[in-house]
Amino acid sequence: MKPQRLLPDLFLFKDLCNVFVIRDGSEAIAIDFGSGRWRKYLPQLGIKNLRHVFLTHHHADQLIGLSGRRWPFAIHASAGERTFLDPAMLRTILSKPSGAVCPPSYAPPAKGIPRILFDMAPFGDFFWNRHRFRFVSTPGHSRSALTILANLGDQQVAFCGDAVFGNGKIWEPHHLEWHHLYPDGVEAARNGILRLADLGNDLLCPSHGPILRTRPEKILRRLAKNLAALIRARGSVCPGEPDRLVPETAAGEGARQLLPHLYRFGVNGYLLLSKSGEALAVDTQEKEMPVLRSLLARLHIPKVSCAVSTHHHLDHADGLPALRKQGARIVLHPWVAQWLRQTGTSRHPWFEVLIPRRPILADQLWPTQGTWRWNEYQFQIAPFPGQTWWHCAFQTVVDGRKVLFSGDNFQPPSRWSGQGGFCAWNSSRLVTGYGRSAALVLRWRPEILACGHGTSFYFSNRHFRKVVAWAKKAERALLNLSPHGNLEQDYFLPAKRAWKSILHSPHLK
Ligand SMILES: [Zn+2]
Ligand SMILES: [Zn+2]
């Protein structure tokens, strides 16, 4: 980790992140800290006193070496990063489960860092000896990330943190996923990059990857274009298509009828009736059991005899134990069963501490791909990855119409751009997920898609051909941001590491 000299008084250490040291006589300041092991080289550079450490953002790799000690230098960070750096505030935020959205930070330091001065204001200054540093807002990797600008000799240098990776990509791009449905993180990142591109910098010093010395402006503009493509990918999956909603009639409190033998209830539930007098429940939530009970009473059906789920998210599956208690048999797809049988040692986004953790076991497993019979209904079964990988679909004929139970992958165009969200946090795959599942819909040609979250719509060939094309485009947009051109390595793996550290945090009760 020997120092590399970038300018007469500017040095780079390749630590957990790039750490930059600016020297002034026998004093110095550092930008970001990493492990801190680089400090042992300072005497070789004639530096006796490190005066200040400035943090571009709060991620653990930028600063983890600062924890657990009192330091002889001042540590500065943006006021907006206090939530993830101040030990007490961090404990508060980590003790809440992330629930149904992406976490507020994917890489907070485990215990926070005490005694930080939160005095770096966006577009503010800091004076040190003959230097004046300016702070420019470049959010994205974190909501309040700052770029630090310095004039060193005749060079304007921008220390931009993770706003850009050295080759004009984004280091661990899942950090831009603030929400699984909306592109707000990507939009913020693009605005910051355009701001940076306008500044006429000579040297761009990112936290990861090589230093940009030649025409950083050009690289930043290309990055802004790639970010814009990802923002567009967050738009409609089937532009120009109408909703084609299935008319439903009211069937008591919280329930509606789609077909003579098919009802929808609560947020995600469907109830399929058999001529035998039995009922099959799809995607039941525990808190909606009263809605289901009153629907059963209205239909004079004593109980649900079989219960199934499209995927493992608890808003589609946590009612299964209650249904079993009342006599239902639980039948699951192997991919879905795999998660539902886990205990508290293996938490997963959208499947975490929302209920006391206990395994949900299947009485019978479906084939991964094949058919299954329940009374007069013959079902086709298949994996159906999209919003999450561990998702299945099943189709049968109800009252003469082919109905596909499609869970959270697809929505009518006016709802959430026509899909159920995508993010690395939720293991959403694009070409091998949404694209593959849209292709299955095209092969199975249902008449009705019975979706989660209160919607059903009629199938159209053109709609799903557009979805297949969208998945390719969206994946290309992500790939164009990936530093190594490899989404497994750059995007999914770091997000998986983040689940492990955040969801197993000792603060999470
Ligand atoms: Zn970062
Ligand atoms: Zn879901």
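The values are calculated or read from the model by the stated rules, or taken from the named source; none is laboratory data. It should be emphasised that the depicted structure is a prediction, and the values quoted were computed from it without experimental measurement. Every residue, glycine as well, gets a Cβ built from its backbone with ideal geometry; the counts of neighbours run over all protein chains shown. For accessibility, only protein heavy atoms count, side chains too; no ligands or nucleic acids. Shrake-Rupley method; radii C 1.70, N 1.55, O 1.52, S 1.80 Å.
Is segment 388-402 home to any residue that is open to solvent by less than 10 Å² (accessible area, probe 1.4 Å), at pLDDT below 95 and either small (Gly, Ala, Ser) or away from ligand 1 (no atom under 16 Å from the Cβ) (or both)? The answer is yes, given that some residue of segment 388-402 is open to solvent by less than 10 Å² (accessible area, probe 1.4 Å), at pLDDT below 95 and either small (Gly, Ala, Ser) or away from ligand 1 (no atom under 16 Å from the Cβ) (or both). For segment 289-327: of the residues being charged (D, E, K, R) and within 22 Å of TRP372 (Cβ to Cβ), which is surrounded by the most Cβ atoms within 10 Å (Cβ to Cβ)? The extreme case among them is ARG324. Among the criteria (1) of a type outside the set (Asp, Glu); (2) surrounded by 17 or more Cβ atoms within 10 Å (Cβ to Cβ); (3) closer than 30 Å to GLY407 by Cα, the one THR249 does not fulfil is (2). Residues that are farther than 23 Å from ILE29 by Cα and outside the structural domain of PHE492 (by TED's automatic domain parsing) do not occur anywhere in segment 147-156. Given the criteria free of Cβ contacts under 8 Å to residues at least 60 places away in the same chain, away from ligand 2 (no atom under 16 Å from the Cβ) and open to solvent by less than 50 Å² (accessible area, probe 1.4 Å), does LEU212 qualify? Yes, satisfied.
Taking segment 224-266 as the range and being in a loop (DSSP other than H, G, I, E, B) and closer than 30 Å to HIS175 by Cβ as the test, the residues that pass are ARG234, GLY235, SER236, VAL237, CYS238, PRO239. Considering ALA77, ALA110, ALA60, the condition of being in contact with a Leu (Cβ under 6 Å, 6 or more places away or on another chain), closer than 19 Å to SER142 by Cα and not acidic (Asp, Glu) is satisfied by ALA77 alone. Of the residues making up segment 107-124, those that are part of a loop (DSSP other than H, G, I, E, B) and open to solvent by 10 Å² or more (accessible area, probe 1.4 Å) number 11. In segment 209-218 there is no residue matching the filter, namely being within 16 Å of ligand 1 (Cβ to nearest atom) and not in a loop (DSSP other than H, G, I, E, B). Can you work out which of the residues in segment 73-99 that are under 26 Å from PHE135 (Cα atoms) and among the polar types (S, T, N, Q) is modelled with the highest pLDDT? For segment 73-99, the residue satisfying everything is SER78. Go over the candidates ARG401, ARG443 one by one and state the one that is touching a residue at least 40 places away in the same chain (Cβ under 8 Å) and over 19 Å from VAL267 (Cα atoms). Answer to the selection: ARG401. Counting only strands (runs of 3 or more DSSP E) that sit wholly inside segment 125-171, not one has at least 2 residues that are open to solvent by less than 20 Å² (accessible area, probe 1.4 Å), touching a Gly at 6+ places or on another chain (Cβ under 7 Å) and among the aliphatic types (A, V, I, L, M). Selection over segment 375-398 of residues that are of a type in the set (Asp, Glu) and either in contact with a strand residue (DSSP E or B) (Cβ under 7 Å, 6 or more places away or on another chain) or closer than 14 Å to TYR434 by Cβ (or both) gives a count of 0. Do you know which residues across segment 424-461 are within 16 Å of ligand 2 (Cβ to nearest atom) and in a loop (DSSP other than H, G, I, E, B)? Once the filter is applied, which keeps residues that are within 16 Å of ligand 2 (Cβ to nearest atom) and in a loop (DSSP other than H, G, I, E, B), segment 424-461 yields SER427, SER428, ARG429, GLY452, HIS453, GLY454, THR455. Within segment 441-454, not a single residue is open to solvent by less than 30 Å² (accessible area, probe 1.4 Å) and over 30 Å from ALA281 (Cβ atoms).
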